[in-house]
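Quick notes on the structure that follows.
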Amino acid sequence: MHFSRLNNVWWGFLVWYCALASVAATTAPVISDITADLVSSVGDDIEFNCTVENVGRMSVSWAKRTSEIGSVVLSMRSILSLSDPRYTIVETLDDKANRATYTFKITKIESTDMGVYECQVILTATDKITKKLSLSIKHPAIISEERTPKSMLVTEGQNLEVNCYADGFPQPTISWERENRAIMPAGGTNSEGHTLRIKEAHRLDRGGYYCIASNGVGQPDRRLIRIEVEFRPQISVQRPKIAQMLNHAAELECTVQAYPAPAVFWYRNGSKLQSNSNYQISNTASSHEATTSVLRISSINELDFGDYYCNATNKLGHADARLHLFQPVIPVPSM
């Protein structure tokens, strides 16, 4: 009989405890709804809604995440925590359903408003329940000055990679074009991707290349990147043989293609020629890494006939071209 009465008391306690736990479970606050992630543009007006069931006298706040472990509280129930005039908080209560919706509004959003926002129900000093949403703000593509070069240098025959990076939302796409819509090294008039690749660079690949970043917001951003190709000198001579009479002037000319710009000299019988009363040497640089060198002989004498060498040198090597000055033979008519 004693055990029967004790057993009844125990079962009564269990029933009471389960009922209490059931009531506690049904009255615990729950965030039943929160606005989905938003994508907006600068200047838009937006609002976030957070609905809490069994809200009772719980403190409900909106906060913006500033790091993985930190946040800034923006509102507490119907009171703003920050005095930004763009912010509004509205608390809509449904006492019968023990439910409340907290609407946080931002007018004329700015790029700094982008981030993660949390609806928080404070349970204790150390415990809370939260749900979060992400606010993404569209902004035009902007090419990164720090991560994108203004110029690149490559030696002829080597491979080259040029990277271009851009920020923006949505994430920008990168394409490339040559200045004046010239043909790209790999063919075609453009290429896609943040890396421009040039295989076995040739001097004809030098010039300006546009990195173009676009994401459908505003106008695409463009940046001109200069690519220079180093190559050893090459000499061309239009008139390798020059005929001239005694006591007349003659000009010997060679054109040198090279980058960096070469040093150009003239040689005769193994000796370097210098400008003097009889020889005048002039070097003229033009576009496309070309240098034209002219050796002018003011008045030819017998010793001036023979071979002359145009020599060009830069850090990658040197080149020579031979020019021959001779006296023309004038046939004497027979009597």
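The values are calculated or read from the model by the stated rules, or taken from the named source; none is laboratory data. Keep in mind it's a predicted model, so treat the numbers as computed, not measured. Backbone-built Cβ (ideal geometry, glycine too); neighbour counts: all protein chains shown. Areas reflect the complete protein model, heavy atoms only, side chains present, ligands, DNA and RNA absent. Shrake-Rupley method; radii C 1.70, N 1.55, O 1.52, S 1.80 Å.
Here are the numbers:
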{"read-out": "Unmet requirement for Arg223, which otherwise passes all of (1) open to solvent by less than 70 Å² (accessible area, probe 1.4 Å); (2) not in a strand (DSSP E or B)", "value": "(2)"}
{"read-out": "The range 171-213, subset open to solvent by 40 Å² or more (accessible area, probe 1.4 Å) and either in the same structural domain as His288 (by the TED database) or in a strand (DSSP E or B) (or both), residue farthest from His288 (Cα to Cα)", "value": "Thr173"}
{"read-out": "Tally of residues being over 24 Å from Gln327 (Cβ atoms) and assigned to a loop (DSSP other than H, G, I, E, B) across the range 282-302", "value": "3"}
{"read-out": "One residue from Val229, Val217 being in contact with a Lys or Arg (Cβ under 6 Å, 6 or more places away or on another chain), outside any strand (DSSP E or B) and of a type outside the set (Gly, Ala, Ser)", "value": "Val217"}
{"read-out": "Members of the range 302-320 found to be open to solvent by less than 70 Å² (accessible area, probe 1.4 Å) and either modelled with pLDDT under 95 or under 12 Å from Arg268 (Cβ atoms) (or both), listed by number", "value": "Asp304, Phe305, Gly306, Asp307, Tyr308, Cys310, Asn311"}
{"read-out": "Which listed residue is over 44 Å from the mean Cα position of the chain (by Cα) and under 23 Å from Asp44 (Cα atoms), from Glu118, Glu91, Glu110", "value": "Glu91"}
{"read-out": "The one condition in (1) open to solvent by 40 Å² or more (accessible area, probe 1.4 Å); (2) of a type outside the set (A, V, I, L, M); (3) part of a strand (DSSP E or B) that His248 fails to fulfil", "value": "(3)"}
{"read-out": "Within the range 251-278, tally of residues that are open to solvent by less than 70 Å² (accessible area, probe 1.4 Å) and among the small types (Gly, Ala, Ser)", "value": "3"}
{"read-out": "Flag for Pro170 being out of contact with any Gly (no Cβ under 6 Å at 6 or more places or on another chain), over 29 Å from Ile31 (Cα atoms) and modelled with pLDDT under 95", "value": "yes"}
{"read-out": "Meets criteria (at pLDDT below 95, open to solvent by less than 50 Å² (accessible area, probe 1.4 Å) and within 25 Å of Leu133 (Cα to Cα)) for Gly43", "value": "yes"}
{"read-out": "Count of the range 110-142 residues which are surrounded by 19 or more Cβ atoms within 10 Å (Cβ to Cβ), in contact (Cβ under 8 Å) with a residue 60 or more places away in the chain and closer than 17 Å to Glu53 by Cα", "value": "3"}
{"read-out": "Positions within the range 321-335 being modelled with pLDDT of 95 or more and open to solvent by 90 Å² or more (accessible area, probe 1.4 Å), in sequence order", "value": "Arg322"}
{"read-out": "Residue check for Tyr165: open to solvent by 50 Å² or more (accessible area, probe 1.4 Å), at pLDDT 95 or above and within 30 Å of Thr66 (Cα to Cα)", "value": "yes"}
{"read-out": "Test for Ser75: is it within 18 Å of Leu133 (Cα to Cα), touching a residue at least 60 places away in the same chain (Cβ under 8 Å) and not β-branched (Val, Ile, Thr)", "value": "no"}
